[in-house]
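Written out below as structure tokens is the structure these notes cover.
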Amino acid sequence: QCIASNEWESSTASAEVSLVWDGPHFTHTFTPLEPLSPGQSLSLKCSATGLPLPQIVWTVDGQPVSDNWRLRIGDYVSSDGIVNSYVNISNVRVEDGGLYKCLALNGMNTAVHHNRVVVLGPVFVRPFAHNITAVAGHAVRVDCPANGHPIQSIQWFIGSGSNQWTKLPQNHRQRALTNGTLIIESIESRTDERWYRCVVNGSSGGSGSVGLTAHGNVYIEVLVAPVINPFHASPNLREGMRQMLTCAVVDGDAPLSIQFLKDDVPVRPTPPGADHTGGRHEVKVTANDVFSKSLFISNVTADDSGNYTCVASNRVANTSYSTYLNVQVPPKWVISPMDTEAIVGQKVVMNCVASGQSRVWWERSELADGHLRTVISNSHMHTMENGSLTINDVTPDDEGVYLCQANNGVGSGLSKLVQLKVHVGAHFKSKFGSQTVTKGQDVWIECLSYGERPIAVALTRDGQPFDAGVENRYQVIRNETSGVADVWLRIHILDTTRRDSALYTCIASNKYGRDEFNHQLIVQEAPDIPENVMVNEITSRTALLSWLEPYAGNAIIIKYRLEMKQSLNGWQSSPQSSPPGD
């Protein structure tokens, strides 16, 4: 991330670099050479790449190659990210021969390449760098570092005391290969821990009698790997009990190191000086003697469950033995059930989550007899995987006492009684009504609201607040004890007029909801007298009249009746009548 800033503001930019780690691999290696004559020059080269860049080291017959006035080791990195390493030898000698290895290492892996360099001359055996330590019961391979050319044969001998040497093999476990390798299968401390000698015989061709035979000695020490006596954790260990694991090494050469691990992490004992009274949790590791240790845990908890491993080590091997410690813990509430309140129609989740791989089930009380019965999951009410109870579209019938129980076979289990209270929001069972009356009649409009009291009921007429006190013709009666509804509101209108035609709305509300009931009142009456009667057109035989349509009295005008008179006579009915619009 790059951050640039000044006294007014700052700006940032970032990029992500992904590195793919790669073990080393060779791009170039040295090839087998023809036998060299003393005084010639020799150059060996290995090139390798990898991420991170590898380091290349050289050995000859298993021993590090060292610089001297005739031998130089160098390396460089080319522009394409390849590490190049070389060994240059001038004026080679017989002792420069041997098995050369280049090893490329970068922490991810190791790549190895090897070839033998042969220099003409008397045979010799390069001194072994160190003695060999072997593990009893395992196979051992020893290569004789023979050099010079030509070599007629390589033989192996075992020392038997007083500088007495016996040629190998002597039994089925020993093999002496013609290339100078000695292999001992299932090596034993009692019979195989000895001095060994490899003897190289050269050819007499052209060399006289000098260097016809050479030998080298190496001591093989055989050590026994640690053997741990199997141990096991208590099969029925419950929370609060005590556990002791004893790791005894019944075989193996000293000195020994014994360590306990829990889930591959070293066990951390309780710090010294901590208060261990009162049955508190404590972890102790005690050395019984040089061959055994004990792990003691008091007042075990679920956190002590895990894979416990004893690792015993000596100079030649690490041995381990593991056992699984399972602490059986009675269930504990992760989320304890609680009294719950809900509103009709909502989805309800009553939590009940317990630890310890517990089986959780619910029971509920039937109000009629008070007995608890197991809840059987269905589309309306079911138990979730974590133990919580879900109720879809809750109804007043779901109200009652519920019992959640959890049990995992350890202890007596858990249980808790809780109460589900279902609240009913204010509502109307009917949402709309209508009524048609004749002008002058009396009218009753009823609003039957249901729900938990207190319920407030407000009235509007055509969307505006309705005040019954403005005229004596209006009466509003509220009844909460009728048994017909939770709140029964009646609107009484006396001697109805056309102004009473309207949409009357009852609005009921309580803490848990709100609802409306609409009632359309239609007051019908005779239509008004047409207005603005006009003669629009007169011919010799006809007259065209027009008028404004009057208030229809909330009914359809069926016909109009025309009356006419001569200016000096009275009114007479027209022989024809015209329908609306004519």
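The values are calculated or read from the model by the stated rules, or taken from the named source; none is laboratory data. Note that the coordinates shown come from a computational prediction; the quantities given were computed from them, not determined experimentally. Methodologically, a virtual Cβ is constructed for each residue, glycine included, from the backbone with ideal geometry; neighbour enumeration extends over all protein chains shown.
This table checks each residue for (1) crowded, with 18+ Cβ neighbours inside 10 Å; (2) over 50 Å from the mean Cα position of the chain (by Cα); (3) among the hydrophobic types (A, V, I, L, M, F, W, C).
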position	(1), (2), (3)
Val57	no, no, yes
Trp69	no, yes, yes
Arg72	no, yes, no
Val92	yes, yes, yes
Lys101	no, no, no
His114	no, no, no
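Do any residues in region 476-504 that are part of a loop (DSSP other than H, G, I, E, B) have Cβ atoms under 6 Å from those of residues that are acidic (Asp, Glu), where the two are at least six apart or on different chains, and which pairs are they?
Leu494/Asp442
Out of all the residues in region 345-353, is one or more in contact (Cβ under 8 Å) with a residue 60 or more places away in the chain, outside the structural domain of Arg238 (by the TED database) and touching a His at 6+ places or on another chain (Cβ under 9 Å)?
No: zero hits.
Looking only at residues in region 443-474 that are closer than 15 Å to Arg490 by Cα and charged (D, E, K, R), which one is surrounded by the fewest Cβ atoms within 10 Å (Cβ to Cβ)?
Residue satisfying both the conditions and the ranking: Asp467.
For Ala312, are the conditions met, namely being among the hydrophobic types (A, V, I, L, M, F, W, C), at pLDDT 95 or above and in contact with a Leu (Cβ under 9 Å, 6 or more places away or on another chain)?
The answer is yes for Ala312.
Pick from Val125, Val135, Val142: which is outside the structural domain of Leu99 (by the TED database), more than 60 Å from the chain's Cα centre (by Cα) and either surrounded by 12 or more Cβ atoms within 10 Å (Cβ to Cβ) or at pLDDT 95 or above (or both)?
Val125
Does Ala508 meet the test of being within 29 Å of Lys431 (Cβ to Cβ), part of a strand (DSSP E or B) and modelled with pLDDT of 85 or more?
Working: within 29 Å of Lys431 (Cβ to Cβ): yes; part of a strand (DSSP E or B): yes; modelled with pLDDT of 85 or more: yes.
Yes: the conditions hold for Ala508.
Here are Gly23, Gly62, Gly81, Gly50: which of them is surrounded by 10 or more Cβ atoms within 10 Å (Cβ to Cβ), over 30 Å from Leu120 (Cα atoms) and in contact with an Asp or Glu (Cβ under 8 Å, 6 or more places away or on another chain)?
Working: Gly23 fails: in contact with an Asp or Glu (Cβ under 8 Å, 6 or more places away or on another chain); Gly62 fails: over 30 Å from Leu120 (Cα atoms); Gly81 fails: in contact with an Asp or Glu (Cβ under 8 Å, 6 or more places away or on another chain).
The unique qualifying residue is Gly50.
Show me the strands (runs of 3 or more DSSP E) entirely contained within region 1-100 in which 2 or more residues are without any contact (Cβ under 8 Å) to a residue 24 or more places away in the chain.
2-5, 10-13, 71-77
Just checking, does region 402-415 include any residue being in contact (Cβ under 8 Å) with a residue 24 or more places away in the chain and within 30 Å of Gln520 (Cα to Cα)?
No, region 402-415 contains no residue that is in contact (Cβ under 8 Å) with a residue 24 or more places away in the chain and within 30 Å of Gln520 (Cα to Cα).
Can you confirm whether Ser412 is hydroxyl-bearing (Ser, Thr, Tyr) and either within 29 Å of the chain's Cα centre (by Cα) or not in a strand (DSSP E or B) (or both)? Write out each step before concluding.
Numbers: hydroxyl-bearing (Ser, Thr, Tyr): yes; either within 29 Å of the chain's Cα centre (by Cα) or not in a strand (DSSP E or B) (or both): yes.
Here the answer is yes, as Ser412 does meet what is asked.
How many residues does region 101-129 hold that are assigned to a strand (DSSP E or B) and hydrophobic (A, V, I, L, M, F, W, C)?
Summing the residues that are assigned to a strand (DSSP E or B) and hydrophobic (A, V, I, L, M, F, W, C) in region 101-129 gives 11.
Which ranges mark the strands (runs of 3 or more DSSP E) fully within region 165-273 that have 2 or more residues being touching a Leu at 6+ places or on another chain (Cβ under 7 Å), within 30 Å of Asn299 (Cα to Cα) and at pLDDT 95 or above?
The strands (runs of 3 or more DSSP E) meeting that bar are 243-251.
I'm trying to understand the selection: among the residues of region 135-164, which are free of Cβ contacts under 8 Å to residues at least 40 places away in the same chain and β-branched (Val, Ile, Thr)?
Ile158 - this is the single residue of region 135-164 that is free of Cβ contacts under 8 Å to residues at least 40 places away in the same chain and β-branched (Val, Ile, Thr).
Is region 239-249 home to any residue that is over 30 Å from Cys144 (Cα atoms), small (Gly, Ala, Ser) and surrounded by 18 or more Cβ atoms within 10 Å (Cβ to Cβ)? Reasoning before the result, please.
First pass over region 239-249, keeping only residues over 30 Å from Cys144 (Cα atoms): 239-249.
Right, trim to small (Gly, Ala, Ser) and you get 240, 248.
Then keep just the ones that are surrounded by 18 or more Cβ atoms within 10 Å (Cβ to Cβ); that gives 248.
Yes, because at least one residue in region 239-249 is over 30 Å from Cys144 (Cα atoms), small (Gly, Ala, Ser) and surrounded by 18 or more Cβ atoms within 10 Å (Cβ to Cβ).
In region 352-384, which residues are out of contact with any Cys (no Cβ under 9 Å at 6 or more places or on another chain) and closer than 22 Å to Gly411 by Cα?
Once the filter is applied, which keeps residues that are out of contact with any Cys (no Cβ under 9 Å at 6 or more places or on another chain) and closer than 22 Å to Gly411 by Cα, region 352-384 yields Val353, Ser355, Gly356, Gln357, Ser358, Arg359, Thr374.
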